[in-house]
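Below you'll find the structure, written out as structure tokens, and then a few comments.
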Number of protein chains: 2
Amino acid sequence: MDVVLGIDIGGTSSKLGLVQADGSIIAKRSVDTKRCKNEEAFFACLFEEIELFLEQHRANYHCEGIGIGAPSCDEQAGVLEKAANFPFADSVPILRLFQDHFGLPVYLTKDGNAATLGEARYGAGQYIKNFVLVTLGTGIGGGLFLNGRLVKGNNGWAGEFGHIIVEPDGRPCGCGRRGCLEAYASATGLRRTVLQRLTQGDEGSILRRLAASELEAKDVYLAAKMGDTLSLEVFDGVGRRLGLALANLAATFDPQAFFLAGGLAAAEEVLLTPVRKYFEAFVLPQLRGRISIETSGLRLNEAAIAGAASLVWHHKNLITTHDECK
Amino acid sequence: MDVVLGIDIGGTSSKLGLVQADGSIIAKRSVDTKRCKNEEAFFACLFEEIELFLEQHRANYHCEGIGIGAPSCDEQAGVLEKAANFPFADSVPILRLFQDHFGLPVYLTKDGNAATLGEARYGAGQYIKNFVLVTLGTGIGGGLFLNGRLVKGNNGWAGEFGHIIVEPDGRPCGCGRRGCLEAYASATGLRRTVLQRLTQGDEGSILRRLAASELEAKDVYLAAKMGDTLSLEVFDGVGRRLGLALANLAATFDPQAFFLAGGLAAAEEVLLTPVRKYFEAFVLPQLRGRISIETSGLRLNEAAIAGAASLVWHHKNLITTHDECK
């Protein structure tokens, strides 16, 4: 059976999936890329894992090509450019590296666009013409699906919601500026806030049972679910910043829905409740109660993998859904 | 000769123009609507002025219809809804009022969309596929032209840039919330800042020669042009807020250009210099130097009048330029 390898390249881990033309993912694998010190180590590790993964399934499936979703990529040039959460040089020719190594057709798009295409082609976005997808992971990204089409922008940088500045003189961000949304409301930003509160104050929290180096965003939402006050307050703060940012995006293009994806979206109601509360408080009065905020209609991380793979299916004319971009 | 009446409804004044299908405006008139106390008085005054205007040109031109650009309008319902800078009831059926009074075909869109269509069909936007137009008048509005099409949003509220919240607990705004961009960077917001500085401090300024009630945004940019320090600082402050807002819009959809229109755009370099300075400081590093910020390619106020009129030409299939919206 024909499949496509879909890859979601991330700062903490990269996700692989074998994807059919209808979006079903028949095998998945996660590759830990956190400890790679530079791009050589990163791609050596990633390529080795991909080969093992493909080898494992070679008997049953034929791989037609590779679709990649990656942060900070210039898809026309095929390079990763100044990627904020990676130990990379300013410009990494990711498309050529993959083509040279695998000898297969390779297509590249921004991770946020990949997830947005996945949502539009296979997820909750199939039935609506205007939505915004926001990915909350190591960083924050996303994509715009407006008038039934993906909006990539003039240089391909549309959907960089993580780099909306929410505090002009705020926390330093990996991009070199200050006060970007992702410095506060990504999984990394949330962790930063928690560690700050744990070290600067002496309030009680079940999170104190964990070593700081072990503490992950997942622990914070599990603690919040168990009623831990500090964790709930931290999620309230994330919800305030995200709710405000989404309200400003609503005033900008009035979508029918926002979808939250990425690791932090697994927090579901712990995240959605404060986000919706602040969104409704901040949104233009004319839009109150009119825009839904939900987590992705696809399973965790699957939107980006399926969307990245769909680039190959689209180029082979094996799917004829939405127009990618004109 | 066939013409269309294009109207740009504004909080301070409304502008009328007789427009040909190629966008040329053969006659203009401005109607002062500042002193009208409610919608009855407003439309009585406006209709009377329109009749005089049409009567004056009846011998030479035949009016084919009316195209209206108006703030806070729900174009599907044909009503002005909670218009922030007008002494109006919550919902004013503007489309029906015009149809009943004039017995002509009437088309309605948001003022920001009208200006954006004007720029796209007749102005500097004719040659590019991705731009954002921002109108700086009594309020702030605008429109999005992405992938070669106007983006109206799900409920028609896209482009409400004036209601992007830039200070969560900031100045009250006419919309009932706090800290909206237009409370700072519209002509009204600029005037507010100037009056605040003149009354709270004792710094010298040539603006002190004017009575507070007479002082207009125009006086501030004339003073800035003459080197008045206070006026230059106020424009620097407006430039900082606008530059940041445009940088955040750039991270959101990466346009090729921003066009500034409306009364405040007449300040040209006095406004553009600080806006560009802060925009480049705040924008995503990958986009530095790549996005232009210019004033509208059409003469002052003409984008909105011509764009509003183009709705009628478009519906008569007499122009076949860009797709308005799908």
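Computed from Cα atoms, the angle from the helix A:111-122 axis to the main principal axis of chain A rounds to 80 degrees. For the peptide A:239-251, the mean number of other protein chain Cβ atoms found within 10 angstrom of a residue's Cβ is 4.
Most tightly packed first, judged by the mean number of other beta-carbon atoms within 10 Å of their residues, the peptides A:304-315, A:126-137, A:75-86 read A:304-315, A:126-137, A:75-86. Converting phi to 3J(HN,Hα) with the Karplus coefficients 6.51, -1.76 and 1.60 and the offset θ = phi - 60°, segment A:206-214 yields 5, 5, 5, 6, 9, 5, 3, 5, 8 Hz in sequence order, with x at every glycine or proline. Assign one of three labels to the protein assembly as shown, namely rounded, prolate or oblate, based on the Cα gyration tensor with a ≥ b ≥ c the square roots of its eigenvalues; rounded applies when a/c is under 1.5, prolate when it is not and a/b is larger than b/c, and oblate otherwise. Since a/c reaches 1.5 and a/b is larger than b/c, the shape of the protein assembly as shown is classed as prolate.
Each other copy places its own label point for A:F47 at 7.6 nm from this one, sorted shortest first, where the point lies 7 Å along the Cα-to-beta carbon line.
Using the Cα centre of the protein assembly as shown as the reference point, and only Cβ charges (+1 on K/R, -1 on D/E), how large is the resulting charge dipole? Debye, rounded to the nearest 20.
That gives the protein assembly as shown a dipole magnitude of about 480 debye.
With the label put 7 angstrom out from Cα along the Cα-to-Cβ vector, B:K34 ends up 6.2 nm from the copy partners, going from closest to farthest. A:P105 label point (Cα plus 7 Å toward Cβ) to equivalent points in the other copies: 4.5 nm, shortest first.
Basic side chains Lys and Arg get +1 at the Cβ, acidic Asp and Glu get -1 at the Cβ, and with that the dipole of chain A about its Cα centre reaches some 600 debye. Calculated mean residue ellipticity at 222 nm for chain B: -11500 deg cm²/dmol, from DSSP H runs with n ≥ 4 weighted as -39500 (n - 2.57), summed, divided by the residue count and rounded to 500.
Per residue of A:276-286, what is the mean number of Cβ atoms on other protein chains within 10 angstrom of that residue's Cβ?
Mean partner shielding for this stretch: 4.
Relative to the longest principal axis of the Cα atoms of chain B, the long axis of helix B:229-253 lies at roughly 60 degrees. Per residue of B:156-167, other chain Cβ atoms within 10 Å of the residue Cβ number 6 on average. 3J(HN,Hα) along segment A:129-143: 9, 10, 8, 10, 10, 10, 9, 10, x, 4, x, 10, x, x, x Hz, from the Karplus curve 6.51 cos²θ - 1.76 cosθ + 1.60 with θ = phi - 60°, whole Hz, x for Gly and Pro.
When chain A is treated as a GNM with alpha-carbon contacts under 10 Å, the residue of A:S213, A:S30, A:S72 showing the greatest mean-square fluctuation is A:S213.
Look at the dipole of the protein assembly as shown built from charges on Cβ: of B:A265, B:H315, B:C73, the Cα furthest out on the positive end belongs to B:A265. Histogrammed with a bin width of 10 Å, the alpha carbon distances of segment A:127-295 distribute as 10, 39, 35, 13, 3, 0 percent, first bin at zero.
Rule-based calculations on the coordinates, nothing more; no lab input. The model shown is predicted, which means the values in this text are computed figures rather than measured ones. When we count neighbours, we look across all protein chains shown, and the Cβ atoms used for this are built from the backbone with ideal geometry, even at glycine.
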